[in-house]
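K.L.:
Please find one structure pasted underneath; my questions will follow.
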Amino acid sequence: MAYTSFAELLKAAETHGSLGDAAIHREVEDANSDRDTVFERMSQTFCVMEEATTRGLAETELSRSGLTGGQAAALDSATPRIIDGRMRKAIAAALAVAEVNARMGRVVAAPTGGASGVLPAVLVTGIGSAGATRDDAVRALFAAAAVGGVIAARATLSGAAGGCQAEIGSAAAMGAVAAVELAGGTPQQAGHAAAFALQGLLGLVCDPVGGLVEVPCVSRNATGTAVALSSAEMALAGLRFPIPLDEVIDAMGQVGRSLPPSLRETALGGLAATPTGRGLSSRLCRGVGCPNG
Amino acid sequence: MTRQRSLFEIVGPVMIGPSSSHTAGAARLGGLARAIIGQTPCSARILLHGSFATTGQGHGTDLAIVAGLLGIAPDDPQIRDAFALAGAAGLTFSFDEADLGEVHPNTAQLEMTDAQGREWIVRGSSLGGGDVIVTLVNDFPVQITGELPVLLVVHHDQPGVVAAVTARLAADVINIAGMQVSRERRGARALMLIATDQPVAEEIAASVAAINGVTSVRQVPAV
């Protein structure tokens with residue numbers, strides 16, 4: 001079974017050397033498999049993330065609804081104005097993967113299709129920095145997945161159940177863990193990074209225009225990535241969030257259950273219910289019998 | 001029944017976007033319907049209920065279900081070209097919105113005709129994260145998730161048939177992971193649904209079909 005608390009995962013990390021190795025160990029046991037097979041499968045998964053990132057930055061085709069597309073490439077080719085370096089590249093990569101998802105390309109749900117941009121953005125831009133290899137990125141992905149498993153066990157990863165905090169919030173927490181793991185931080189620092197990320201997005205509502213995984217989902221992948229990297233930077237500098245990650249996750253679950261249905265993927269509240277959101281929605285071809293494309 | 005969560009369900013599945021429930025799950029549902037009828041149908045009338053009806057087009061639910069019927073996997077980019085590929089494969093299809101009553105919001109009913117002219121009704125729901133469940137096959141309520149191979153045994157409701165079928169499987173060391181028996185009414189047509197840990201070989205399925213009281217046997221592979 002997946003770890004059901006970060007405290008338990010931390011203990012396992014002490015035994016196995018890192019969060020990633022603790023996660024690999026548990027997956028090998030659960031699947032009755034061996035380390036190489038499990039590692040190779042995650043490596044293949046990461047390959048899909050890499051492909052989606054490359055494709056998303058190169059293609060400018062719009063989604064089937066026409067609501068999104070082309071913004072990743074536009075950001076990538078624009079002159080940097082305020083931020084530069086890895087953070088900027090990561091934000092472009094997050095938009096890129098989210099746009100690929102919106103135009104029916106191949107992505108990895110991480111933890112969902114709507115939040116599929118954050119982990120690739122963090123990891124693809126992290127390889128090479130501080131000597132991190134691709135294998136390190138795959139191990140970091142295991143660490144992120146283990147923390148995602150804790151969130152799934154204690155709260156939820158579903159926007160319909162817990163709002164966007166459960167999707168982008170969880171992806172940001174997982175991304176923060178991956179970034180710390182990849183940078184060689186400690187398991188404790190990864191926990192603080194995840195807590196920083198999740199508390200920063202606590203209460204975020206799921207309010208997709210027209211019910212589609214496009215507006216604001218695509219740009220929220222950029223938001224989640226920025227939160228993930230800033231959270232990891234804080235934790236790696238030794239900053240600590242005073243409330244333990246398990247309790248922050250529990251709070252996220254509680255907040256999710258208190259959100260009204262209008263703010264949980266029903267497209268009845270938030271941005272979906274704005275005059276412009278409604279206008280965009282009414283211009284979409286809805287339901288059955290629409291032309292293809 | 002809650003499943004054990006693998007890390008590959010947290011970071012994964014690999015899927016064609018945009019939605020694990022409305023796209024990946026829909027493709028899997030189409031694939032499971034195809035597995036149940038044992039072939040790509042010649043025609044399919046697809047009824048979309050609830051959220052499948054209202055946001056399905058924007059999520060590619062329509063393309064994904066047709067792709068599934070063609071045997072295209074949930075992570076295959078060909079999903080986008082499913083309508084054109086259906087034409088080439090001789091599958092005609094149509095979509096309608098429908099109120100299917102008290103069912104999961106992401107539900108579809110597929111009314112199909114196969115190459116032998118048989119008519120099929122398969123109804124199923126997409127539960128999130130790419131997980132699906134088929135809840136109706138023709139007249140029978142069922143629970144088929146596609147995670148394990150399933151033996152569908154149509155039989156006469158009479159004493160001893162269930163025991164004879166399970167004994168036959170046990171004789172070949174086939175472990176039964178889950179089982180469900182339903183009937184139209186007492187003494188009438190009944191359905192046995194047997195999920196097994198490994199596929200059942202054709203000759204074993206044939207010997208099950210030969211058991212007194214058994215009308216037909218169909219193996220549905222995992223999808």
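K.L.:
Rounded, prolate or oblate for the range B:38-141? Axes are the square roots of the Cα gyration tensor eigenvalues, ordered a ≥ b ≥ c, and the cut-off for rounded is a/c under 1.5.
P.N.:
Values: a/c = 1.62, a/b = 1.12, b/c = 1.45.
It comes out oblate by the Cα gyration axes.
K.L.:
Once you charge only the Cβ atoms, +1 for Lys and Arg and -1 for Asp and Glu, what is the size of the charge dipole of the range B:13-139 about its Cα centre, to the nearest 20 debye? Before the final figure, lay out the partial values.
P.N.:
Working: 6 positive and 13 negative charges, 47 e Å.
So the dipole magnitude of the range B:13-139 works out to roughly 220 debye.
K.L.:
What's the center-to-center distance, using Cα atoms, between the range A:39-64 and the range B:7-35 in Å?
P.N.:
17
K.L.:
How large is the dipole of chain B about the Cα centre if only Lys and Arg carry +1 and Asp and Glu carry -1, each at its Cβ, rounded to the nearest 20 debye? Before the final figure, lay out the partial values.
P.N.:
Numbers: 14 positive and 21 negative charges, 79 e Å.
That gives a dipole near 380 debye.
K.L.:
Provide the gained length on full extension for the span A:Glu14 to A:Glu59, in nm with one decimal, where the gain is 0.36 nm per separating residue minus the Cα-Cα distance.
P.N.:
Working: separation 45, 0.36 × 45 = 16.20 nm, distance 4.36 nm.
Length gained, A:Glu14 through A:Glu59: 11.8 nm.
K.L.:
Among residues other than A:Ala137 whose Cβ falls under 11 Å from its Cβ, what is the net charge (Lys/Arg +1, Asp/Glu -1)?
P.N.:
Counting the neighbours of A:Ala137, the net charge comes to -2.
K.L.:
Quick one: Cα centre-to-centre distance for the range A:113-159 and the range B:86-129, in angstrom?
P.N.:
Cα centroid to Cα centroid, the span is 36 Å.
K.L.:
How many Cβ atoms of partner chains, on average, are near each residue of A:64-72 if near means within 10 Å of its Cβ?
P.N.:
Values: counts 7, 5, 1, 1, 1, 0, 0, 0, 0.
Mean inter-chain Cβ contacts per residue within 10 Å come to 2.
K.L.:
Let me ask another. So what is the accessible area of the range B:13-139 per residue, in Å², with the probe set to 1.4 Å?
P.N.:
Values: 4220 Å² over 127 residues.
Here the residues of the range B:13-139 average 33 Å² of exposed surface.
K.L.:
In the protein assembly as shown, with Lys and Arg counted as +1 and Asp and Glu as -1 at Cβ, which of these residues, B:Gln57, B:Val220, B:Ala82, has the Cα nearest the positive end of the dipole, that is, farthest along it?
P.N.:
Looking along the dipole axis, the top candidate is B:Gln57.
K.L.:
Tell me the relative contact order for the range B:150-220 as a rounded percent, counting alpha carbon contacts under 8 Å between residues six or more apart. Mind showing how you got there, number by number?
P.N.:
Details: 127 pairs, mean separation 34.9, N = 71.
Result for the range B:150-220 is 49 percent.
K.L.:
Let's see if you can work this out: charge +1 on each Lys and Arg Cβ, -1 on each Asp and Glu Cβ, no other charges. What is the dipole magnitude of chain A about its Cα centre, in debye to the nearest 20?
P.N.:
Dipole magnitude for chain A comes out near 960 debye.
K.L.:
Quick check on the range B:150-220: take the gyration tensor over C-alpha atoms, sort the square-rooted eigenvalues as a ≥ b ≥ c, and tell me if it's rounded (a/c under 1.5), prolate or oblate. Walk me through the numbers on the way to the answer.
P.N.:
Working: a/c = 1.79, a/b = 1.56, b/c = 1.15.
It is prolate, given that a/c is not under 1.5 and a/b is the larger ratio.
K.L.:
Once ligands and nucleic acids are excluded and a 1.4 Å probe is used, how much of B:Cys42 is accessible, expressed in Å² to the nearest 10?
P.N.:
60
K.L.:
In the protein assembly as shown, what percent of the accessible surface is made up of carbon and sulfur (1.4 Å probe, ligands and nucleic acids excluded)?
P.N.:
Details: 10860 of 20550 Å².
Carbon-and-sulfur percentage of accessible area, whole number: 53.
K.L.:
For B:Ala209 paired with B:Asp139, estimate the spin-label separation in nm (one decimal), with each label point 7 Å from Cα along the Cα-to-Cβ line.
P.N.:
Each label point is offset 7 Å from its Cα along the Cβ direction, giving 2.1 nm.
K.L.:
Please report the buried accessible area for the interface of B with A, total over both chains, probe 1.4 Å, in Å² to the nearest 100.
P.N.:
3300
K.L.:
Also, quick follow-up: Can you figure out the FRET efficiency of A:Thr133 with A:Ser258, using R₀ = 51 Å and their beta-carbon distance, to the nearest 0.05?
P.N.:
The formula returns an efficiency of 0.75 here.
K.L.:
May I ask you to evaluate 6.51 cos²θ - 1.76 cosθ + 1.60, the Karplus curve with θ = phi - 60°, for each residue of the range A:181-195 and list the ³J(HN,Hα) values in order in whole Hz, giving x for glycine and proline?
P.N.:
Along the range A:181-195, the couplings run 4, 5, 7, x, x, 7, x, 4, 5, 4, x, 5, 4, 5, 5 Hz.
K.L.:
Moving on to the next point. Which ³J(HN,Hα) values, rounded to whole Hz and listed in residue order, are derived for the range B:56-63 from phi using the Karplus coefficients 6.51, -1.76 and 1.60 in 6.51 cos²θ - 1.76 cosθ + 1.60 with θ = phi - 60°, glycine and proline given as x?
P.N.:
x, 5, x, 9, x, 4, 5, 4
K.L.:
Assuming R0 = 41 Å, can you tell me the calculated FRET efficiency for the pair A:Ile243 and A:Ser33, based on Cβ-Cβ distance, to the nearest 0.05? Please report the intermediate quantities before stating the final value.
P.N.:
Numbers: r = 36 Å, r/R0 = 0.88.
Plugging the Cβ-Cβ distance into 1/(1 + (r/R0)^6) gives 0.70.
K.L.:
Let me ask you something else. Are there trypsin sites (Lys or Arg not before Pro) in the range A:24-102 that DSSP marks as loop and that have at most 12 other Cβ atoms within 10 Å, and which are they? Kindly include the intermediate steps, with their values, before the conclusion.
P.N.:
Details: sites: A:Arg26, A:Arg35, A:Arg41, A:Arg55, A:Arg64, A:Arg81, A:Arg86, A:Arg88, A:Lys89; in loops: A:Arg64, A:Arg81.
Those satisfying the criteria are A:Arg81.
K.L.:
Ok, one more. Heavy atoms only, 1.4 Å probe, whole protein assembly: order A:Ser63, A:Ser158 by accessible area, highest first.
P.N.:
On the way: A:Ser63 10, A:Ser158 45 Å².
Reading off the accessible areas and sorting them downward yields A:Ser158, A:Ser63.
The values are calculated or read from the model by the stated rules, or taken from the named source; none is laboratory data. Not measured: the values here are computed from a predicted model. Counting neighbours? That spans all protein chains shown, and the Cβs are built from the backbone with ideal geometry, glycine included. Remember, those area values only see protein heavy atoms, side chains included, never the ligands or the DNA or RNA. Shrake-Rupley method; radii C 1.70, N 1.55, O 1.52, S 1.80 Å.
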